[in-house]
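**Q** Handing you this structure, nothing more for now.
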Amino acid sequence: MIRRIDVISCSNALSQVSPMWKSLFAAVMFALAYVLHPALQVLITLWLMLWCLQYAKIPPRAYGQLFGTALLFYGLSLPALLVELGRPAAGEAALYLRIPGTAQFLYITRAGGVRAALLLARISACLACCLFIMLTTPFGELLQVLRRLRMPQIVLELMLVMYRFLFLLDDAAHGLLLARRLRGGRRGFRFKLREAAGMAASLFANTMHRYYGLSQGLAARGFTGEILLPPYVRRKVPRRFAFEAYAGIVLLAAAQLWMLWTR
């Protein structure tokens, strides 16, 4: 998936728009997504999906896979948000299940359902902001933006090396998985667990070997302790995108103030 993200970020229809403008727009939307009313958070989610799918021409399947995979972690946390253990008060439990042999109940309250729904709205809005900047801006341009924002050079170098390390890890994992399949590694659940444990050890050793080769390659090319990034190039922002972004931010802020005023 890391390769798919890299390809999409470099080939989407918004890749030539100013990375600084896209970063500032995503940052403002992220801040609004965190503090606005849940209904407005849903609007932010849908609006940024429009930017990604309609304006940037990102494949819906790839976008859906990334969005759904991230929401999977929210789904794993739902039991802790919804399910409570004890004896509910009269009329408190919307659903309940008595534990056999005890006087305790597993129950779900309406307040827990509302809390989970509010959290889902906020998570979806913030996630849409992150996916917008991740899928429309190449990683190298993000580093240039961070450099203009006075990010320390050592942090930028660590980010660049770790990003490269992800590709090495992906190559090593794909090679080991392919070798296991060619050896007929589908012989039952127990054997799969055993082979997975062996693959984990082999993956670490293989990846570190590739990483050592990367460091040797840098030294052979005259690495002096600092990775030089290409200079930042200013780009224009189409008026249509700029007008829609600024108008949307103003309307969201105005809607929030109206909700507070009429409460």
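The values are calculated or read from the model by the stated rules, or taken from the named source; none is laboratory data. Treat the numbers as computed from the prediction; the structure is a model and nothing was measured. Virtual Cβ from ideal backbone geometry, glycine too; neighbours counted across all protein chains shown. Each accessible area value is taken on the protein alone, full model and side chains, heavy atoms only, with ligands, DNA and RNA left out. Shrake-Rupley method; radii C 1.70, N 1.55, O 1.52, S 1.80 Å.
**Q** So if I check each of Gly101, Gly113, which one is farther than 19 Å from Phe25 by Cβ and open to solvent by less than 40 Å² (accessible area, probe 1.4 Å)?
**A** Gly113
**Q** Right, Leu120: farther than 30 Å from Ser11 by Cβ, surrounded by 18 or more Cβ atoms within 10 Å (Cβ to Cβ) and not small (Gly, Ala, Ser) or not?
**A** yes
**Q** Same structure, new question: Could you tell me which numbered condition Ala94 fails, if it satisfies all but one of (1) modelled with pLDDT under 90; (2) in a helix (DSSP H, G or I); (3) surrounded by 12 or more Cβ atoms within 10 Å (Cβ to Cβ); (4) among the small types (Gly, Ala, Ser)?
**A** Exception for Ala94: condition (2).
**Q** Let me ask something else about it. Restricting region 146-160 to residues that are surrounded by 15 or more Cβ atoms within 10 Å (Cβ to Cβ) and over 19 Å from the mean Cα position of the chain (by Cα), which is nearest to Trp21 (Cα to Cα)?
**A** Restricting to residues being surrounded by 15 or more Cβ atoms within 10 Å (Cβ to Cβ) and over 19 Å from the mean Cα position of the chain (by Cα), the top hit is Arg147.
For (1) surrounded by 19 or more Cβ atoms within 10 Å (Cβ to Cβ); (2) polar (S, T, N, Q), each residue gets a yes or a no:
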{"site": "Ala27", "(1), (2)": "no, no"}
{"site": "His37", "(1), (2)": "no, no"}
{"site": "Leu40", "(1), (2)": "yes, no"}
{"site": "Pro59", "(1), (2)": "no, no"}
{"site": "Ala62", "(1), (2)": "no, no"}
{"site": "Thr69", "(1), (2)": "no, yes"}
{"site": "Phe73", "(1), (2)": "no, no"}
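**Q** Let me ask something additional. Only one of Arg187, Arg122, Arg110, Arg183 is over 21 Å from Ala33 (Cα atoms) and modelled with pLDDT of 75 or more; which?
**A** Of the residues listed, the single one that is over 21 Å from Ala33 (Cα atoms) and modelled with pLDDT of 75 or more is Arg110.
**Q** Next question. Inspect region 42-59 for any residue being more than 30 Å from Arg240 (Cβ to Cβ), in a helix (DSSP H, G or I) and of a type outside the set (Val, Ile, Thr) and give the result as yes or no.
**A** no
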